[in-house]
Amino acid sequence: MPLATKYDSKSVESKWYDYWMEHDFFSSVPDERESYTIVIPPPNVTGVLHMGHMLNNTIQDVLIRRARLKGYNACWIPGTDHASIATEAKVVKKLKEQGIDKNDLSREEFLEHAWDWTHEYGGIILEQLKKLGASCDWSRTKFTMDDDMSASVINVFVDLYNKGLIYRGYRMVNWDPQAQTTLSDEEVIYQERNGHLYHLKYQIAGSDEFVSIATTRPETILGDTAICVHSDDERYTNLVGKTVIVPIVNREIPVIADDYVDMEFGTGALKITPAHDINDKAIGERHDLEVIDIFNADGTLNSFGLHYNGKDRFEVRKEISKELEEKGLLIKKEPHMHKVGTSERTGAVIEPRLSDQWFLKMEDLAQPAIKAVKEDIVELLPPKFKSTYFHWMENVRDWNISRQLMWGQRIPAYFYGDGKDDFVVASNKDDAVTLSRKRTNNYNIQAGDLRQENDVLDTWFSSWLWPISVFNGILDPENEEINYYYPTRDLVTGPDILFFWVARMIVAGYEFRDEKPFDKVYLTGLVRDKQRRKMSKSLGNSPDALALIENYGADGVRVGLLLSAAAGNDIMFDEDLCQQGKGFVNKMWNAFRLVKGWEVDENLEQPVHAAQGIAWYESKFAQAINEIEDHYSKYRISDVLMTSYKLIYDDFCGWLLEIIKPEYQQPIDPKTLSQVIALFEDNLRLMHPFTPFITEEIWQSITDRKVSEALCVNTWPVTKEMNQQLLTDFDFVQQAISGIRTVRKEKQIAFKNEITLQYINNENSSTDYDALIQKMGNVASIEVVNEQVSGAASYRVKSNEYFIPLEGNIDAEAELEKLEAELKRAQGFLLGVQKKLGNERFVANAPDQVVAMEKKKEADALAKIETIEASMNALR
């Protein structure tokens, strides 16, 4: 079939992806080869493809496709995360649209809706990844709520509980009033926000005097149970032991002394609300204070809120400050900037709340994970993220692993009584019955007597097992697959989940397999827009990922993303980069069309210039692949692409094809064509990880191939010996040819017009490449001379001086006129600069760098005038 004039990415991409899938090229089973395994960071099942996914998964695909070409048994595990909070919010929203309240449903009914939603909408992102060219083993797709994955999570919970590492405690937690669940400390994002500092008056009981306090949350006075001052604060010594009256509530509370209070903040007197502040809770415990919780789960006030019962906390803040002002109890209200904790998932302002929760002790578990990174057993790339990792891990707190949701793995704790400690932990209800009977000595306990904990486990408690559980390594720790594929090779992810996920996976790897989960962690940067803003829907600066693929092709987008994606550095995304990527893909296609269009004359011998060009490119390729291997070893993926890009765009297309290209409508010799196609195939092998579709299309169009010969499962280019002398010589030749091209352009000498070239050979350069120079410059003859040539344009390469006689090629008089005009402009410019430099006041008062700049302008102008005058003399 004739080759298409224009490369059609849409038809090519669907054709070859279907072909790869049909022949199971992405599938992996254990065999005698060395494994190369990557597990995908499982995107939320609710997710759709965005720029961060595109970057992350393109890098993974580059690594896995290269590993496949290098002969590894490459296995890339895809899957999705059940994302408890996000998914439950989606389901609740859908139910609301149908007029159904979540609270009216039983757990089983709600889960049925959740599964329906997941089956209908979940996993869309995996289908979208296929459009990008992701070569995952789709037969291994996992979901963190799959039966075996959930069983692994439950098994781990039971194991850790039996080791004494999981406990249930009444603690102050981070409460998300919108999602109505707890969050771990790491899921709270602190933001600087403008608020107010309210100065309030509390009347001292039995007197007309008042004590003033400052608070950012006046609504919480309804839960106050003490006023606290520093024990050394002489201003309040006489107040300690007395009582004050809480405004509005009119409740008498004690004035206590504690060293925690900052005497310099506000008035030095602190209101204590043990139910709604972690520090107040600690003070309350030391002083045995009453705990009054004034909030409902959704952030509205409860009956302790008196006439504000049922109103939202922020609405109450406004209203109560007005009431306090009306009662003469608000001294002043002043602007105040402070940090506010917000939910990473919903953006809601976090409410400290006392609650019974489940925790995992982390301090001892973290130690092997700290050692692994410290000793580079697990490498973080770039290494700058080590300090962040150690800061988190060396200050790790117990992990709150329970969530007040229905979607997720339900905590396997079974209560047999009403007491807080009347429970057992077991993998299933039958085991729970057995344990309950032993615990209580009551052998009449039946399954129906047990009540399972309603909370589910934090989503991260399932995904921290991901590299193990995808190979069933928890339930069957000695199975063939876990022993073959684990530890995995590379993890590609974002630094924003370095602690949430990466660190915890390392912890899990050492706890459950006594081994690291992966060798290296490649941390990508964030994709930002040209103004360095983080991409988001609200800013409207996040392009539609699928639309980019539609417009520029998957290969074009992949190249565009990776051209500027240095590890760990944020990427300033510009759609022009995708256009550049598309242009590169078209360049490869047009290069192939050129080569494929040449007719062959079997009787022709290979010209000297073609043999030289082929030999040069072989060495250039060897040099490039050595650089590329070095870049790959250091995970400088952007540098790999740039080196490959320049090799193909500049050296192969810009030089080699021009060197070997036969004259117009003339045939090519068979040896040159065979050699250039072999080099083209090596280029395709090199570029396949980055541009899988165009490379497979060209590969399959070169000649008929068997299925086993497809590029996707072919081999990586073999590193050959590099001839450094040849590269050095050729660099000199290229400069000589570039000089000819410059003269032709400046003097408007058409390429079809032959020229002669003369040069003074101060470099004692070889004449071996004269034929090549003649071909590339359309030079009729080359002659070595001993002195400068008059009536010629000249240029230098190192100490060699080259001359191109202009007689017959240009209108000498017209050229002289042009040069005279140029000389006048240069002389006028020089005069202005010298006038400025001759001004003593200017030289004395201007900054040194400004004077230096003017002197440089003078030197440049003098050099330009000398060049113009030399050119004019040559024409006379």
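Run through the range 418-484 and list the chymotrypsin sites (Phe, Trp or Tyr not before Pro) located in a DSSP loop whose Cβ has at most 15 other Cβ atoms within 10 Å. Before the final figure, lay out the partial values.
Details: sites: 423, 443, 460, 461, 464, 471, 484; in loops: 443, 464, 471.
Passing both the DSSP loop test and the Cβ count: 443.
Let me check against my output: what whole-number percent is the relative contact order of the range 713-809, with C-alpha pairs under 8 Å and at least 6 apart? Mind dumping the intermediate values first?
Numbers: 116 pairs, mean separation 29.1, N = 97.
About 30 percent, as a whole number.
Could you pull out the trypsin sites (Lys or Arg not before Pro) across the range 413-449 that fall in loop regions by DSSP (anything but H, G, I, E, B) with no more than 16 other Cβ atoms inside 10 Å?
Working: sites: 420, 429, 437, 438, 439; in loops: 420.
Answer in residue order: 420.
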Original post:
Shape call for the range 149-236 from the C-alpha gyration tensor, a ≥ b ≥ c root eigenvalues: rounded (a/c under 1.5), prolate (a/b greater than b/c) or oblate?
Top reply: prolate
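Please tell me which of these pairs span more than 22 angstrom C-alpha to C-alpha: 671/720; 386/646; 824/855?
On the way: 671/720 20 Å; 386/646 33 Å; 824/855 20 Å.
Table pairs above 22 Å Cα-Cα are 386/646.
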Original post:
How about the range 32-91: which trypsin sites (Lys or Arg not before Pro) there are in a DSSP loop, with at most 16 other Cβ atoms within 10 Å of their Cβ?
Top reply: 33, 70
**OP:** Identify which of the listed values of Rg and Dmax of the Cα atoms in Å was calculated from the structure shown: (i) 37.3, 120; (ii) 33.1, 102; (iii) 29.0, 104.
**Re:** (i)
Subject >> Within the range 1-140: Cβ-based charge dipole about Cα centre, in debye rounded to nearest 20 (Lys, Arg +1; Asp, Glu -1) >> reply: 700
Original post:
Out of the DSSP beta bridges found with both residues in the chain, what percent are antiparallel (nearest 5)?
Top reply: 70
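Looking at this model, which pairs from 311/339; 90/429; 596/706; 131/534; 271/333; 6/530 are more than 22 angstrom apart at the alpha-carbon?
Details: 311/339 24 Å; 90/429 30 Å; 596/706 20 Å; 131/534 24 Å; 271/333 16 Å; 6/530 31 Å.
With Cα atoms farther than 22 Å apart: 311/339; 90/429; 131/534; 6/530.
What does the accessible area per residue of the range 336-493 come to in Å², with a 1.4 Å probe and no ligands, DNA or RNA counted? The partial results should precede the final answer.
Numbers: 6780 Å² over 158 residues.
Per-residue value: 43 Å².
Which of rounded, prolate, oblate describes the range 795-858, given a ≥ b ≥ c as roots of the alpha-carbon gyration tensor eigenvalues and a/c under 1.5 marking rounded, otherwise prolate only if a/b is larger than b/c?
Working: a/c = 6.21, a/b = 2.08, b/c = 2.99.
Oblate shape, in that a/c is at least 1.5 and b/c is the bigger or equal ratio.
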Subject >> Positive-end residue of 157, 184, 134, charge dipole of the range 66-219 with Cβ unit charges >> reply: 134
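Is it possible to state the helix-based mean residue ellipticity at 222 nm for the chain, with each DSSP H run of 4+ residues giving -39500 (n - 2.57), the sum divided by total residues, to the nearest 500 deg cm²/dmol? What is it? Provide the component values of the computation, followed by the final result.
Details: 27 runs with 368 residues, N = 876.
After summing the helix terms and dividing by the residues of the chain, the value is -13500 deg cm²/dmol.
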Original post:
Extent of the range 777-832 along each principal axis, from alpha carbon coordinates, in Å, largest to smallest?
Top reply: 43, 28, 20
Original post:
So how far, in whole Å, is the C-alpha centre of the range 239-306 from the one of the range 683-760?
Top reply: 77
**OP:** With a 1.4 Å probe and every protein chain left in place, tell me how much accessible area residue 765 has, in Å² to the nearest 10.
**Re:** 30
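Is the range 329-403 best put as rounded, prolate or oblate by its Cα gyration tensor, with a ≥ b ≥ c the root eigenvalues, rounded for a/c under 1.5, and otherwise prolate when a/b is larger than b/c, oblate when not?
Numbers: a/c = 3.01, a/b = 1.82, b/c = 1.65.
Cα axes put the range 329-403 in the prolate bin.
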Original post:
Which Cα, out of 338, 777, 55, lies furthest along the positive dipole direction of the chain (beta carbon charges, K/R +1, D/E -1)?
Top reply: 338
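For the range 32-143, which whole percent of the accessible surface, found with a 1.4 angstrom probe, sits on carbon and sulfur atoms? Intermediate values should be presented prior to the final figure.
On the way: 2080 of 4300 Å².
So the carbon and sulfur contribution to the accessible surface is 48 percent.
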Original post:
Measuring from centroid to centroid over Cα atoms, what is the spacing of the range 361-390 and the range 433-502 in Å?
Top reply: 22
**OP:** Work out the length of the dipole vector of the range 745-804 about its Cα centre, built from +1 on the beta-carbon of each Lys and Arg and -1 on the beta-carbon of each Asp and Glu, and round it to the nearest 20 debye.
**Re:** 300
Original post:
How large is ³J(HN,Hα), in whole Hz, for each residue of the range 4-21 in order, when computed from phi with the Karplus curve 6.51 cos²θ - 1.76 cosθ + 1.60 and θ = phi - 60°, using x for Gly and Pro?
Top reply: 5, 5, 10, 6, 9, 4, 4, 5, 5, 5, 5, 4, 7, 5, 4, 5, 4, 5
Original post:
What do the square roots of 5 times the Cα gyration tensor eigenvalues come to for the range 59-134, in whole Å, largest first, as semi-axes of the equivalent ellipsoid?
Top reply: 38, 11, 8
**OP:** Run the dipole for the range 755-847 about the Cα centre, Lys and Arg Cβ at +1, Asp and Glu Cβ at -1, nothing else charged, and hand back the magnitude in debye, nearest 20.
**Re:** 740
**OP:** Output the relative contact order of the range 800-876, whole-number percent, from Cα pairs under 8 angstrom with separation of 6+ residues.
**Re:** 45
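Suppose accessible area is computed on protein heavy atoms with a 1.4 Å probe; arrange 149, 722, 337 from highest to lowest.
Numbers: 149 5, 722 65, 337 105 Å².
The ranking, largest first, comes out as 337, 722, 149.
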Original post:
At a probe size of 1.4 Å, how large is the accessible area of residue 559, to the nearest 10 Å²?
Top reply: 0
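With the full set of protein chains in place, find how many percent of the accessible area of the range 762-876 is carbon and sulfur; take the probe as 1.4 Å.
Looking at the range 762-876 in its full context, I get 47 percent from C and S.
I'm checking a number: the convex hull volume of the Cα atoms of the range 257-310, normalised per residue, in Å³. What is it? Could you put the intermediate results ahead of the total?
Values: hull volume 5.6 nm³, N = 54.
Convex hull of Cα atoms, per residue: 103 Å³.
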Original post:
What number, in percent, do you get for the relative contact order of the chain if the mean sequence gap of Cα pairs under 8 Å and at least 6 apart is divided by its residue count?
Top reply: 12
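The values are calculated or read from the model by the stated rules, or taken from the named source; none is laboratory data. Fair warning: this is a prediction, and the values are worked out from it, not measured in the lab. For neighbour counting, all protein chains shown are included, and Cβ atoms are generated from backbone atoms with ideal geometry for every residue, glycine included. All accessible areas refer to the heavy atoms of the entire protein, side chains included, with ligands and DNA or RNA removed. Shrake-Rupley method; radii C 1.70, N 1.55, O 1.52, S 1.80 Å.
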